[in-house]
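Quick notes on the structure that follows.
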């Protein structure tokens with residue numbers, strides 16, 4: 001039950017975050033790197049955005065239908081502005097903020113590799129990886145110290161509990177990180193030949209298929 005609820009939440013939140021990052025990131029990246037046909041890039045982005053929004057809407061309707069079938073009144077708290085409605089709005093806002101931050105990465109990445117003295121895609125990826133690791137440690141460390149910089153989604157765990165988990169579970173996490181890393185690096189490398197706006201737009205539509 002809890003896993004299904006979590007997956008339903010991800011299926012709505014992930015496309016919303018990705019959709020925001022897709023539009024903003026492609027527009028800003030094209031402003032930095034104007035290679036490619038703008039009419040084709042932005043028409044494709046528009047179609048991809050429609051797919052993202054349709055996907056999120058479909059899961060929202062599915063969730064509402066399942067609640068109605070179980071006889072739950074899920075609309076009453078929203079109408080009264082109760083805690084559930086506020087929590088939903090906060091989560092939506094958090095997704096949009098995440099999408100905006102995600103959309104800022106591609107133009108900055110493209111700008112860092114511009115010109116003869118720009119970074120290589122591999123060194124840019126190294127900087128990205130180090131930065132993500134530092135931020136991750138700050139978020140996890142803050143939660144362990146009782147100073148959460150991000151909303152908590154589950155009960156606090158300890159390092160001892162982390163190391164007690166089976167190697168198989170750690171392996172799935174490492175495999176997911178490896179796949180994401182290869183995709184991010186491939187995105188940067190392809191952008192030097194195609195255009196960073198095009199490669200970013202194509203890369204951002206991949207999570208829609210995954211969801």
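The values are calculated or read from the model by the stated rules, or taken from the named source; none is laboratory data. Model, not experiment: these values are computed from the prediction. Backbone-built Cβ (ideal geometry, glycine too); neighbour counts: all protein chains shown.
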ask   = Is there any pair with a first residue in region 153-182 that is within 19 Å of residue 139 (Cα to Cα) and a second that is modelled with pLDDT under 80 and not in a loop (DSSP other than H, G, I, E, B) whose Cβ atoms are under 7 Å apart and which are 6 or more apart or on different chains, and what are they?
value = 156/143
request  = Output the number of residues of region 195-211 satisfying the condition of being over 18 Å from the mean Cα position of the chain (by Cα) and at pLDDT below 85.
outcome  = 0
task = List the helices (runs of 4 or more DSSP H) that sit entirely inside region 109-194 and contain at least 1 residues that are touching a helix residue (DSSP H, G or I) at 6+ places or on another chain (Cβ under 8 Å), loosely packed, with under 13 Cβ neighbours inside 10 Å and modelled with pLDDT of 90 or more.
result = 121-144
inquiry  = Checking residue 18 against (1) exposed (fewer than 11 other Cβ atoms within 10 Å of the Cβ); (2) under 18 Å from residue 199 (Cα atoms); (3) modelled with pLDDT under 85: exactly one of these is not met. Which one?
reply    = (1)
ask   = Pairs, please: C-beta under 7 Å, at least 6 apart or cross-chain, first residue under 13 Å from residue 26 (Cα atoms) and in region 87-115, second outside any helix (DSSP H, G or I)?
value = 110/33
ask   = Which of the residues spanning region 183-194 are more than 16 Å from the chain's Cα centre (by Cα) and more than 21 Å from residue 37 (Cα to Cα)?
value = 185, 186
